[in-house]
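Take a look at the following structure, please.
The values are calculated or read from the model by the stated rules, or taken from the named source; none is laboratory data. This structure is a prediction, so every number in the text was calculated from the model and none was measured. Here Cβ is always computed from backbone atoms with ideal geometry, including for glycine, and neighbour counts include all displayed protein chains.
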Amino acid sequence: MAHLPRRSSRLLFKTRAGADPPRAAIGAFASHTSLHPLVLSLSPLLSPPTERREGEEPGEMGSDSPPKKWGLREQREAYLRWFSLADDDGDGRVTGKDALKFFAMSNLSRPELKQVWAIADSKRQGYLGFSEFMTAMQLVSLAQAGNEISQDTLAHADLETLLPPTMEGLDKKLKKNSMSKSNSDIVVRHPSELPASANWFNSKSGKKIPLRSVTSIIDGLKKSYIEKLRPLEKTYQFDDFVSPLLTSSDFDAKPMVMLLGQYSTGKTTFIKHLLKTNYPGAHIGPEPTTDRFVVITSGPDERCIPGNTIAVQADMPYSGLSSFGTAFLSKCLIQYIPSLALIILLHIFHYVALRKKLIVSIFYIAKLLDHITFVDTPGVLSGEKQRTQRSYDFTGVTSWFAAKCDLILLLFDPHKLDISDEFKRVIGSLKGHDDKIRIVLNKADQVDAQQLMRVYGALLWSLGKVLNTPEVMRVYIGSFNDKPIRETVAGPLGKELFEKEQEDLLSDLNDIPKKACDRRINEFVKRSRSAKVHAHIISHLKKEMPALMGKAKAQQRLLDTLDEQFAKVQKELHLPAGDFPSVDEYRETLSAYNFDKFERLKPKLVQGVDDMLAYDIPDLLKSFRNPYE
């Protein structure tokens, strides 16, 4: 088998002397990420069989029967059975209610179990999958041994040889459970698989979803959207004015990071630097090289999917891009890079086939892409190039991605601080997403310390005129590429500054998956408020139309005085001014519609959304918070 390219490999797991590298790597990997089912199925091949007492079932290890050997095979078999026992309804998720009963057998105190859950459910999903459950069990074992319960303790533990925790009464329950379930019955769902809640969007509108089917915060948001928010959006054509209707993939999608900036500010190089490798389709040069939107994410194999294809795939959150037409879709693509599990799998196959020692090189690239999707964008035009019109609505596309993204990086370099007209429009389209924006002053080692101070001041001055906000955006300063920092220009202090800034930026990126669920809730509430305001505006315009004569003149008058109509609706209903859309953009969209065909206000639909925001969402967060709080 051909070895992987040296430039893209990076050794992440160090093995102790005499240790079996593939086993050590998978042991560490299994504890901190969700394993692909094929990796789980191969792990027994890497461990010799365990000597068992006669009549002992595999995995019956707990309070009374400490194992003679506790390797990868034993961990998988035992923890799968434990997971099956804890997962009452067999949906592949251990909820807080399940955990209260199962974790009680550890005899740890409530504050200790609270900390165990907080670390295991770091993404605040409200449940534990199999990998999170393994992490929880390892933390319980460490706590029983007298160790502090922390992420740092887990990171430095020898997880390959860590014995299982003592669980009082577990053996008896396992024997009872083994009579009704076999290994083949145990559900371990890989994150790439579609959740059961994806089928809810295919059912008839208005059909109630049973509360017992909701096993996570995301499931709860889907239920609220289908039953209460989507009917309001459909009635008042919210998808035509503001944003397309949501699909299941919009809720389940990985967090996204979008990079924006003028050409040659280092956007593609920045992504390459983070991923520690080139990706197919990446072109780097001083001229405008990236001529399309490239979505970079992990996948089963290395392949490229064009825009027209991704826009019609229901399992991808990009169906809304079809509204920008073929001209844009021909300038958009998704680039898949093999996921970390499959990269390890290739090495394992090599090891199993040849039975030789092998150093397992693991891709930092895949680890990052398993949790985050990057969006590389064409360089924003400046100077004479602005006179050449694009064949699609560039500002509209960036606005669409901004609504989906968790983080937006605006890149500048010391020699490109001017903000062109197109860049100004792009930044203006990010209104409402100010909390997502971060500024990156790239290639900062091209100027000395005195010049850098002046460049930094000039950048903030330029941004202040465009962003129209009194708050100062977070600015990261550095040289984000694979070349060593030019210390002769930056000096030792500059080098130290750039390294600290890079650490801060990487920390910001690493926190994104942990905050993804909170971001989903925030965006959902924001959308709900926007849809409610939209419904009031549309119903108000309908109410202002005459019954018989002069409809054309009345509609034109309403369009001309749209700002006054907004103020009237706001005053009558006491709605926040910040929830109202842009008057000019709204007027442009409204001009294509016949106001007389709009729906009148349906109080029941609006009240449903109000109840959802006031009661359903808080109750959902309460139901899936840390069960030990």
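Look at Q115 and say whether it is part of a helix (DSSP H, G or I) and of a type outside the set (G, A, S).
Judged against the criteria, Q115 is a match.
While we're looking at this one, here's another question. Tell me which residues, restricted to the range 227-248, are in a helix (DSSP H, G or I) and of a type in the set (V, I, T).
Across the range 227-248, the qualifying residue is only T235.
Which is in contact with a helix residue (DSSP H, G or I) (Cβ under 8 Å, 6 or more places away or on another chain) and in a helix (DSSP H, G or I), of F498, F480?
Testing whether each residue is in contact with a helix residue (DSSP H, G or I) (Cβ under 8 Å, 6 or more places away or on another chain) and in a helix (DSSP H, G or I) leaves just F498.
Check the range 74-94 and report whether any residue there is at pLDDT below 75, under 23 Å from the mean Cα position of the chain (by Cα) and not aromatic (F, W, Y).
No: zero hits.
Same structure again: Could you please give the count of residues in the range 139-170 that are under 11 Å from V116 (Cβ atoms) and not in a helix (DSSP H, G or I)?
Qualifying residue count for the region: 3.
Also, quick follow-up: Would you confirm whether any residue within the range 518-526 is closer than 30 Å to K123 by Cα and of a type in the set (S, T, N, Q)?
yes
Moving on. Within the range 407-422, is even one residue in a loop (DSSP other than H, G, I, E, B) and basic (K, R)?
Looking through the range 407-422, at least one residue is in a loop (DSSP other than H, G, I, E, B) and basic (K, R).
Any residue at all in the range 552-561 that's in contact with a Phe, Trp or Tyr (Cβ under 7 Å, 6 or more places away or on another chain) and either surrounded by 15 or more Cβ atoms within 10 Å (Cβ to Cβ) or hydrophobic (A, V, I, L, M, F, W, C) (or both)?
yes
Among the helices (runs of 4 or more DSSP H) confined wholly to the range 524-629, which include 3 or more residues that are over 20 Å from I226 (Cα atoms)?
551-560, 562-573, 583-590
Can you tell which of V525, V466, V472, V533 is in the same structural domain as A614 (by TED's automatic domain parsing), β-branched (V, I, T) and surrounded by fewer than 18 Cβ atoms within 10 Å (Cβ to Cβ)?
V525
Ok, one more. Pairs under 6 Å by beta carbon, first residue over 23 Å from D252 (Cβ atoms) in the range 316-340, partner surrounded by fewer than 19 Cβ atoms within 10 Å (Cβ to Cβ) and among the polar types (S, T, N, Q), six or more apart or different chains?
Here the result reads A327/S391, each pair linking the range 316-340 to a residue that is surrounded by fewer than 19 Cβ atoms within 10 Å (Cβ to Cβ) and among the polar types (S, T, N, Q).
One line per residue, one yes/no per condition, for (1) at pLDDT 90 or above; (2) within 28 Å of F324 (Cβ to Cβ); (3) touching a Ser or Thr at 6+ places or on another chain (Cβ under 9 Å); (4) of a type outside the set (A, V, I, L, M, F, W, C):
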{"site": "N199", "(1), (2), (3), (4)": "no, no, yes, yes"}
{"site": "S203", "(1), (2), (3), (4)": "no, no, no, yes"}
{"site": "P210", "(1), (2), (3), (4)": "no, no, no, yes"}
{"site": "V214", "(1), (2), (3), (4)": "no, no, yes, no"}
{"site": "K222", "(1), (2), (3), (4)": "yes, yes, yes, yes"}
{"site": "K228", "(1), (2), (3), (4)": "yes, no, yes, yes"}
{"site": "T235", "(1), (2), (3), (4)": "yes, yes, no, yes"}
{"site": "F238", "(1), (2), (3), (4)": "yes, yes, yes, no"}
{"site": "S243", "(1), (2), (3), (4)": "no, yes, yes, yes"}
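Taking the range 233-245 as the region of interest, how many residues are under 22 Å from the mean Cα position of the chain (by Cα) and in contact (Cβ under 8 Å) with a residue 24 or more places away in the chain?
2
Right, another one. Working only within the range 130-157, note down all residues that are free of Cβ contacts under 8 Å to residues at least 24 places away in the same chain and either surrounded by fewer than 18 Cβ atoms within 10 Å (Cβ to Cβ) or in contact with a Pro (Cβ under 8 Å, 6 or more places away or on another chain) (or both).
Of everything in the range 130-157, those that are free of Cβ contacts under 8 Å to residues at least 24 places away in the same chain and either surrounded by fewer than 18 Cβ atoms within 10 Å (Cβ to Cβ) or in contact with a Pro (Cβ under 8 Å, 6 or more places away or on another chain) (or both) turn out to be A145, G146, N147, E148, D152, T153, A155, H156.
Also, I was wondering about something else. Considering only the range 123-139, I want to know if a residue exists there that is farther than 21 Å from K515 by Cα and over 26 Å from the mean Cα position of the chain (by Cα).
no
This table checks each residue for (1) over 16 Å from F238 (Cβ atoms); (2) aromatic (F, W, Y); (3) touching a strand residue (DSSP E or B) at 6+ places or on another chain (Cβ under 6 Å); (4) free of Cβ contacts under 8 Å to residues at least 24 places away in the same chain.
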residue	(1), (2), (3), (4)
Q570	yes, no, no, yes
S591	yes, no, no, no
D596	yes, no, no, no
L605	no, no, no, no
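A further question on this structure: Restricting the first residue to the range 434-461 and requiring it to be farther than 14 Å from L497 by Cα, which pairs with a second residue that is surrounded by fewer than 20 Cβ atoms within 10 Å (Cβ to Cβ) and of a type in the set (K, R) meet a Cβ separation below 6 Å and a spacing of at least six or different chains?
Here the result reads R438/R474, each pair linking the range 434-461 to a residue that is surrounded by fewer than 20 Cβ atoms within 10 Å (Cβ to Cβ) and of a type in the set (K, R).
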